[in-house]
Structures are given as structure tokens and as C-alpha cells.
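Colleague: Structure provided below as C-alpha cells; questions to follow.
What follows is calculated from the coordinates using simple rules that are stated; it is not laboratory data. As the structure is a computational prediction, the values presented were derived from the model and not from experiment. Quick reminder, even Gly has a Cβ in these numbers, built from the backbone with ideal geometry, and neighbours come from all protein chains shown.
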Amino acid sequence: MMNLSTELLDIIIRFGFNISVIFIIVKLVYQRNHPNNLDFVFTYFMFNTLIFFFAFSLASIKIDIGFAFGMFAVFAILRYRTDPIPIKEMTYLFIAIAVGVINALSGTQISYGVLLFTNITLIILTYLLEMYWQRNALIIRVVEYEIIDNIKPKNHEKLLLDLESRIGMPILRFEIGRINFLRDTVRISIYCRD
């Protein structure tokens, strides 16, 4: 009976710590910068919780490294094949999975100091990268442009000025894409600061 209560107390403490870490990453870092992605917030919390309990339950069972990688492969296949997930959201999903695995499988071999350091490092790194990303994000717009003469290298300054006046913001750079001489149009990718 004593062993069961010790194990129950251990899972409660670990899960409380785990959910606190994922709360900081998802609610305070991710959702603050992506307020319209509430479905992803739900997904991150549930994936983290499922992985935590799954990994904690399997911690006492001897499994080989191939089985562990197989489980990650199963979750990689489950990456919502009907709706493609943007790479940034996939990264957050992987963070949610990894935090759950780290917090569930760090048994007595890993000290609480190391576990705390690992989780705090993940939180800080996620926060710093998210802030860097927001400050340095570029908007990419693809436009159909009809003044074919301006795509000549000697007219690139005129092209840049014309594009800036049309979209109403400074352009950092542009790339000329497909040219349609039958319709006298060109597809141009425009890069602007967010």
C-alpha cells in the first residue's frame, strides 16, 4: 500500500510540474503570439497529457530504443494528414510531445535540478525564439504584375517604387517569377517586414 501511494504521489507531482511547463509554453508564449489558433492550443495540451501518461505508464516496462522510436513514428504519422500543419505549429507539437516524454521518463536517475534546468531552458529558448521570430518576420506576397517593361534589370528601381506605391509598405526585396508574355503579366514575390 505504501508503494502505491508513493507512486501515486510521484505521478501527481510530475504531472503538476509537466502541466505547468506546458502551460507556460503554450498559453503564455504560443497563444500570446497566435491568438487565433485555439485549436492548436487544445491539441498541444492533449498531446502533452497523453504522451506524459503513456510514457509514465511504460517507464516501468523494459522497452528497447527501437520501440521508443517506433512510437514516435506512429505519432509522426498522426500529424493530421487531412489538414497540413504549418512547420511552426508542428514544432510546437513536437515541443509538447518532448516535454511530456522528458517529464514522464526522468526517473530517479535524473535529479530534479537537471529536470528543472531542462524545462526552464526549453521555456526560455521557446520564448526568445518566438520573440525573435515576431520581430524579424517577413510577409511574403505574390502578385500578378502587368507592366512587363519594368522587369528588365535596368528598370528594377521603377518596379520597386511602383510595387511599394501599390501595396503601401516598404519592400525589402522581390523575386521575379513566371512571366506570361501572352497576357503581358509576371508573377512577383514581394518580401515586406511584418
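Colleague: What are the semi-axes of the equivalent ellipsoid for the stretch 86-194, taken as the square roots of 5 times the Cα gyration tensor eigenvalues, largest first, in whole Å? Could the numbers behind the result be given before it?
Modeller: Working: eigenvalues 478, 42, 15 Å².
Over the Cα atoms of the stretch 86-194, the ellipsoid semi-axes are 49, 15, 9 Å.
Colleague: What is the packing order of peptides 179-190, 25-36, taking the mean over residues of other C-beta atoms within 10 Å and listing the highest first? Working shown, then result.
Modeller: Working: 179-190: 13.8, 25-36: 16.0.
The packing order, highest mean first, is 25-36, 179-190.
Colleague: Take each of the peptides 38-50, 119-131, average the number of other beta-carbon atoms within 10 Å over its residues, and list them starting from the highest. Can you show the working numbers first?
Modeller: Working: 38-50: 16.5, 119-131: 14.9.
Top of the packing list down: 38-50, 119-131.
Colleague: Still on this structure, I have one more. What is the distance, in nm, between label points placed 7 Å from the Cα along the Cα-to-Cβ direction at Ser189 and at Ile151?
Modeller: Distance between label points: 1.5 nm.
Colleague: Can you list residues whose amide H is under 5 Å from Thr185's amide H, if they're 5+ apart or on another chain and H is modeled 1.01 Å from N?
Modeller: Under 5 Å from the amide H of Thr185: Asn180.
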